[in-house]
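Inspection log for the structure reproduced underneath, given as structure tokens.
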Amino acid sequence: MEKPAIKPTNPCFSSGPCAKRPGWSVDSLKNVMAGRSHRAAPAKAQIEDAVNRQKALLGIPDDYLVGIVPGSDTGAFELALWNVIGSNPNGTDVLVWEAFSGDWCKDVEGQLKPDNLRVFKSAYGHIPDLSQVNSDHDVVFVWNGTTSGVRVPDGEWIAADRKGLTICDATSAVFAMDLPWEKLDIVTWSWQKALGSEAAHGMLVLSPRAVDRICNYKPKWPLPKLFRIKKGDAINAEIFKGATINTPSMLAVADCLDALDWVESVGGLEGTIARTNRNFSVLKDWVVRTDWAALLPASEKIASTTSVCLKVVDEWFESLGGDEKAAFIKSMTKLIDKDGAAYDIASYRDAPAGLRIWCGATVESSDLEKLLPWLEWAFATAKSQTLQQQAA
Ligand SMILES: Cc1ncc(COP(=O)(O)O)c(C=O)c1O
């Protein structure tokens with residue numbers, strides 16, 4: 001098979017950090033408050049702007065708190081877990097179906113050890129039965145499992161009159177999928193995903209019930225300064241008004257504001273969701289007409305539209321051992337990488353050997369179209385090379 005002549009304009013298809021917005025360059029950071037204190041009025045105003053514009057663009061209810069905290073999505077989600085887990089005597093349910101949800105479970109089960117803990121696990125490509133979640137319990141889950149390409153289908157399974165809190169890592173869903181904010185009590189994300197911005201900081205959203213719970217709970221464990229969001233028994237409201245816990249990167253803030261300008265220019269949330277869905281369709285339609293590729297998710301209903309995970313369904317590939325499969329994917333992605341046609345498209349290290357291609361809004365659908373012949377060429381080339389090696 002001939003090597004394709006046309007490459008994607010932007011070969012960045014990593015699922016995090018994700019592609020910068022079309023047209024981005026370092027010149028986009030010209031408004032950075034370089035060398036200024038983050039507490040100085042113009043710098044603090046930029047931080048507040050980043051918070052307020054995300055809140056408005058995402059349609060987060062007015063009475064929810066939104067803040068910037070340290071440590072990207074991990075920092076924000078860990079902060080949430082360590083402030084709230086164990087506060088619900090009815091119980092805590094944790095949903096696990098890929099690597100990151102598994103990591104949160106390790107913290108809850110292995111470190112925080114709340115009473116009445118229930119863990120619902122399923123294998124890559126699947127999702128636990130959501131009807132098992134008890135709405136009186138707190139529930140810890142990811143909206144979009146970035147490493148398996150499986151997401152929750154919607155928020156229908158969450159009771160509107162729940163007593164428990166929904167604690168949701170939505171990092172690869174925010175700005176790409178509709179989120180039912182009224183059904184979510186604690187939500188986190190990072191700017192490095194659908195915004196194509198920097199990973200430095202995490203976003204933390206708290207519903208009024210989450211605030212109430214945090215204020216009335218004193219965890220059994222000490223909290224490091226980086227996780228402290230209370231002043232005495234009250235929430236530290238300043239953190240949600242641009243006065244961050246510690247020093248943020250003003251360069252990252254400037255980049256986030258640039259990403260938000262771009263989101264506004266493509267029609268806000270509706271625009272970024274439409275772009276994501278269009279991107280997903282490009283891959284999905286290709287999978288339908290390609291006999292060796294399939295979506296890893298068991299059904300389209302639970303298929304992520306951002307971190308699209310593909311498995312190889314070729315009979316010969318299936319006959320290979322685990323290490324051989326991984327080596328084959330490596331040789332395939334190396335071929336594409338070497339020509340600068342696409343970077344970072346192998347599946348996550350703990351996931352089944354396959355491909356993972358980011359389809360968030362910062363990716364152009366025309367680039368995905370240009371990527372498809374490269375996938376076909378790389379598959380055919382790597383297969384014939386491997387067969388030759390096997391025969392030798
Ligand atoms: C679902 C999920 N949670 C958490 C993380 C960790 O994010 P970060 O490295 O921004 O903290 C990722 C990163 O890929 C993710 O996909």
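The values are calculated or read from the model by the stated rules, or taken from the named source; none is laboratory data. On a predicted model such as this, the values are computed, not experimentally measured, just so you know. Cβ sites come from the backbone with ideal geometry, for glycine too, and all protein chains shown count toward neighbours. With ligands, DNA and RNA removed, areas are computed over all heavy atoms of the protein, side chains included. Shrake-Rupley method; radii C 1.70, N 1.55, O 1.52, S 1.80 Å.
Condition (residue is loosely packed, with under 14 Cβ neighbours inside 10 Å and not polar (S, T, N, Q)) applied to region 354-362: is it met by at least one residue? No, every residue in region 354-362 fails to be loosely packed, with under 14 Cβ neighbours inside 10 Å and not polar (S, T, N, Q).
Every condition in (1) open to solvent by 10 Å² or more (accessible area, probe 1.4 Å); (2) in contact (Cβ under 8 Å) with a residue 12 or more places away in the chain is met by SER304 except one, and the failing one is (1).
For (1) surrounded by fewer than 18 Cβ atoms within 10 Å (Cβ to Cβ); (2) touching a Gly at 6+ places or on another chain (Cβ under 6 Å), each residue gets a yes or a no:
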site: SER25; (1), (2): yes, no
site: LYS30; (1), (2): yes, no
site: ALA34; (1), (2): yes, no
site: ALA41; (1), (2): yes, no
site: ALA45; (1), (2): yes, no
site: LEU58; (1), (2): no, no
site: ALA76; (1), (2): no, yes
site: ASP93; (1), (2): no, no
site: ASP103; (1), (2): yes, no
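Within region 224-236, can one find any residue that is more than 16 Å from the ligand (Cβ to nearest atom), part of a loop (DSSP other than H, G, I, E, B) and at positive phi? Yes. When region 61-72 is filtered for residues that are under 23 Å from HIS38 (Cβ atoms) and open to solvent by 10 Å² or more (accessible area, probe 1.4 Å), the ones remaining, listed by number, are LEU65, PRO70, GLY71, SER72. The condition of being open to solvent by less than 20 Å² (accessible area, probe 1.4 Å) and either assigned to a strand (DSSP E or B) or under 30 Å from PRO222 (Cβ atoms) (or both) holds for ILE167. Scanning region 266-301 for residues being assigned to a loop (DSSP other than H, G, I, E, B), open to solvent by 30 Å² or more (accessible area, probe 1.4 Å) and of a type outside the set (S, T, N, Q) gives a total of 5. Tallying residues that are within 16 Å of the ligand (Cβ to nearest atom) and assigned to a loop (DSSP other than H, G, I, E, B) within region 127-160 yields 8.
May I ask you to verify whether GLY149 is open to solvent by less than 40 Å² (accessible area, probe 1.4 Å) and in contact (Cβ under 8 Å) with a residue 40 or more places away in the chain?
So GLY149 passes the test.
Determine whether PHE227 is touching a Phe, Trp or Tyr at 6+ places or on another chain (Cβ under 6 Å) and surrounded by 12 or more Cβ atoms within 10 Å (Cβ to Cβ). So PHE227 fits the description; yes. Per this entry, ALA194 is counted among residues that are part of a loop (DSSP other than H, G, I, E, B), more than 10 Å from the ligand (Cβ to nearest atom) and either at pLDDT 95 or above or open to solvent by 20 Å² or more (accessible area, probe 1.4 Å) (or both).
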